[in-house]
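To keep things clear, I will list the structure first and then write my remarks on it.
Readers should treat all values here as calculations from the given coordinates under stated rules, not as data from a laboratory. Owing to the predicted nature of the structure, the values given are computational and were not obtained by experimental measurement. Positions of Cβ are generated from backbone atoms using ideal geometry, with glycine treated the same way; all protein chains shown enter the neighbour counts.
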Amino acid sequence: VYELIAKPLRNAGGEMIGVITVARDNTTRKEVEMARKESEDRFRLLFEAIPEGALLLDAEGRILMVNSEAERILGFSRKEMLGKTSSELRWKTVREDGSDFPFKEHPAFVALHTAQPVRGIVAGVFQPGHNRCRWIRINAQPWFRAGMAAPFQVYMTFVDIKSFRPRPDTCIKQDNLS
């Protein structure tokens, strides 16, 4: 595929005395663009097809991508999650002993700030529409741009390990749900 550029060549009086043409072979650029699009399509398909909940978050912890399994497990729609951090979503998250799980200890937050993967963290996430907790096992993997020391995004995956109706003293307190 060639791109052809033609411009008039004019003399000092403004008369057209010829045409300057430049031909550029765009085959490589088109091939690279097609390969990039195919790679993005494969990524989206894989992201959506994995049997775990998956989120992609930016360096500030805002949710950029959500798969269907994440919607099911967390009890929030994609629309409710996109662009938000977990601290903005009425997520009540607890540890296994029922104590609050502070945002700064959230696996994605830790992975972003330590630039290290976080594996196997168990947390209870309250689903507001169902009045129950989902216990999940979370992994967070920081993602780096070439040559950068700090991650610019983090992938978080999680699996539902068990669901239960919470005791009042563990997962939820009615005064925290407003």
How far is helix 27-49 tilted off the main Cα axis of the chain, in degrees rounded to 10, range 0 to 90?
10
Using a Gaussian network for the chain with springs between C-alpha atoms less than 10 Å apart, which of these wobbles most: MET65, MET34, MET156?
MET34
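Run lengths n ≥ 4 of DSSP H only: what is the helix-derived mean residue ellipticity at 222 nm for the chain, with -39500 (n - 2.57) per run over all residues, to the nearest 500? Numbers along the way, then the final one.
Working: 4 runs with 42 residues, N = 178.
Rounded to the nearest 500, it is -7000 deg cm²/dmol.
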Of (i) 1.22; (ii) 1.59; (iii) 1.09, the label for Cα Rg over 2.2 N^0.38 Å derived from the coordinates:
(ii)
Residues whose built amide H sits under 5 Å from the amide H of ILE138, excluding neighbours closer than 5 in sequence, are GLY120, ILE121, VAL122, ALA123
Just to be sure I understand: with springs between alpha-carbon atoms less than 10 Å apart, which residue in GLY13, GLY53, GLY83 has the highest mean-square fluctuation in the Gaussian network model of the chain?
GLY13
Restrict the search to region 1-92; then list the GluC sites (Glu not before Pro) that DSSP places in a loop and that have at most 14 other Cβ atoms within 10 Å of their Cβ.
GLU15, GLU60
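Just need the relative contact order of region 41-86 here, percent rounded to a whole number, with Cα pairs under 8 Å and 6+ apart.
Values: 57 pairs, mean separation 15.1, N = 46.
Averaging sequence separation for qualifying contacts and normalising by length gives 33 percent for region 41-86.
State, as an integer percentage, the relative contact order of the chain based on alpha-carbon contacts under 8 Å between residues 6 or more apart. If you can, show how the numbers build up before the last one.
Values: 321 pairs, mean separation 30.6, N = 178.
For the chain, the relative contact order is 17 percent.
Could you sort out which of LYS30/LYS79; LYS30/LYS84; LYS104/LYS162; LYS79/LYS104; LYS84/LYS162 sit more than 32 Å apart by Cα distance in this structure?
On the way: LYS30/LYS79 34 Å; LYS30/LYS84 36 Å; LYS104/LYS162 24 Å; LYS79/LYS104 24 Å; LYS84/LYS162 25 Å.
Check vs 32 Å cut-off fails for LYS30/LYS79; LYS30/LYS84.
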Once Lys and Arg get +1 and Asp and Glu get -1 on their Cβ, which of GLY53, THR85, GLY120 lies farthest toward the positive end of the dipole of region 1-146?
THR85
How much length, in nm to one decimal, is gained on full extension between ILE161 and ARG95, taken as 0.36 nm per residue of separation minus their Cα-Cα distance?
22.4 nm
Looking only at GLY98, GLY124, GLY147, which one moves most when the chain is put into a Gaussian network model with springs between Cα atoms under 10 Å?
GLY147
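Rounded to the nearest 0.05, what FRET efficiency do ARG42 and PHE144 give with R0 = 22 Å and r taken as the Cβ-Cβ distance? Could you check? Walk me through the numbers before you get to the answer.
Numbers: r = 20 Å, r/R0 = 0.93.
Step by step, r from the Cβ atoms, then E = 0.60.
Can you give the charge dipole size of the chain about its Cα centre, rounded to the nearest 20 debye, using +1 on the beta carbon of Lys and Arg and -1 on the beta carbon of Asp and Glu? Present the calculation step by step, with values, prior to reporting the outcome.
Values: 27 positive and 23 negative charges, 46 e Å.
Computed charge dipole of the chain: roughly 220 debye.
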